[in-house]
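S.K.: Okay, here's the structure, questions in a sec.
Derivation of every value follows stated rules applied to the coordinates shown; laboratory data play no part. These numbers come from a predicted model, not from an experiment. Here Cβ is always computed from backbone atoms with ideal geometry, including for glycine, and neighbour counts include all displayed protein chains.
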Amino acid sequence: MALVVATVIAAGLLGGLLVLAARLVRAELARLRSDSGNQLSERNADVDRRLHAIVETMDRRLGELDTKVDRRLENASRTTTQIHERLGKVDEATAQMLERAKDLARLEQALRPPKARGGFGELLLGNLLRDRLPADAYELQHTFDGGERVDAVIKVERLIPVDAKFPLDNFHRFAEADSDEERTLFEKAFARDLKGHVDAIAQKYIRPAEGTYDFALMYLPAESVYYELVCGRTGSMLGYAHDKRVFPVSPTTLTAQLQVIALGLKGLQIEQHAHEVMAYCAALQKDFTRFKEDFDLVGTHLGRAQSKYAEADKRLDRFEGKLERAADSDELEGEPVALELPRALDAA
């Protein structure tokens with residue numbers, strides 16, 4: 001029984017302890033729940049504030065980003081418009097280039113006959129001389145006594161013959177050759193063409209007896225042909241031309257030479273004007289000498305006239321005095337008086 005009572009008492013104590021522990025746990029849980037709620041509220045408020053600040057910052061940055069994007073889009077649109085305009089201009093330029101290419105193709109086709117090339121070379125030569133020299137400093141199609149006619153002559157102190165040559169056929173074959181054998185073959189043909197032109201110019205147009213210098217110019221309208229003659233494999237032909245006193249020139253080199261000639265002509269013109277001025281000054285000096293002599297003679301006459309005038313003035317004074325004395329004298333009454341007039345008045 002004691003054991004049962006003790007057990008019951010122990011069970012009661014244990015139940016009381018359990019009830020007390022449960023109450024304590026409930027109170028602690030309530031306190032913890034309250035503290036957790038307050039902390040969560042504070043944390044939620046802090047989180048809300050932070051989220052609000054983050055949202056405001058994001059809105060501001062998104063607004064700035066929208067502005068930048070709009071500006072970039074506007075710049076991109078403007079750039080795109082400019083690109084389209086420039087592409088349009090490029091298309092126009094391309095179309096013009098294609099037209100020019102067609103014109104060049106037609107010109108090349110028209111220049112295939114040697115006679116047409118010769119006429120075109122003469123036209124280019126005439127335009128170049130017309131642009132660089134005075135009208136009286138050159139002559140086109142000058143004819144010599146033997147009937148030979150050169151394309152142009154430049155008039156300095158003597159005549160400089162200039163003949164246009166356009167050896168293009170074998171040059172094109174030489175430039176477009178596929179093999180070394182063909183290139184060598186057409187190179188020799190091109191050299192023969194040049195040699196024939198050099199010989200013809202040297203024989204026909206270098207005529208010192210008819211007022212030309214002892215050299216002539218061979219005008220090559222194509223720079224590529226001139227370059228091949230001077231720097232290519234046919235460079236030996238340049239020495240041959242110089243030995244014949246024939247100097248090849250291209251549009252560029254002839255322009256430079258014409259500029260020098262134009263300056264020389266201006267110098268000669270200035271020298272001629274200087275001689276004319278000196279002759280005019282000499283004539284003025286002679287006229288001045290004659291004028292000085294006449295002026296000195298007039299001065300001599302004026303000096304003599306002044307001396308005579310002074311003498312006549314003195315005689316007039318004396319005559320006037322005599323008249324006054326004669327008028328005042330009582331001896332003159334009723335009697336004629338003979339007075340001596342001054343010789344100057346007698347002469348008058």
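S.K.: Once amide H atoms are built 1.01 Å from N in the peptide plane, which residues 5 or more positions from R207, or in another chain, come under 5 Å H to H?
M.R.: T212
S.K.: Between segment 167-219 and segment 252-319, what's the alpha-carbon centroid distance in Å?
M.R.: Segment 167-219 and segment 252-319 have Cα centres spaced 60 Å from each other.
S.K.: Going by C-beta contacts inside 10 Å, put T255, T80 in order with the fewest on the left.
M.R.: T80, T255
S.K.: Go through K286/K308; K244/K266; K155/K266; K204/K244; K165/K266 and tell me which ones have a Cα-Cα distance over 24 Å in this structure.
M.R.: K286/K308; K244/K266; K165/K266
S.K.: Please list, or write none, the lysines whose alpha carbon is within less than 18 Å of the alpha carbon of K314, excluding same-chain residues fewer than 8 places away.
M.R.: Excluding near neighbours in sequence, the set is K322.
S.K.: Determine, for M218, M58, the number of other Cβ atoms within 10 Å of each Cβ, and report the residues in order from fewest to most.
M.R.: M58, M218
S.K.: Further, regarding this structure: Cβ neighbours within 10 Å, averaged per peptide: list 127-133, 259-265 in order, most packed at the top.
M.R.: Those peptides, ordered most packed to least, come out 127-133, 259-265.
S.K.: Please state the charge dipole magnitude for segment 111-249, taken about the Cα centre, from unit charges on C-beta atoms (+1 on K and R, -1 on D and E), reported in debye and rounded to the nearest 20.
M.R.: 180
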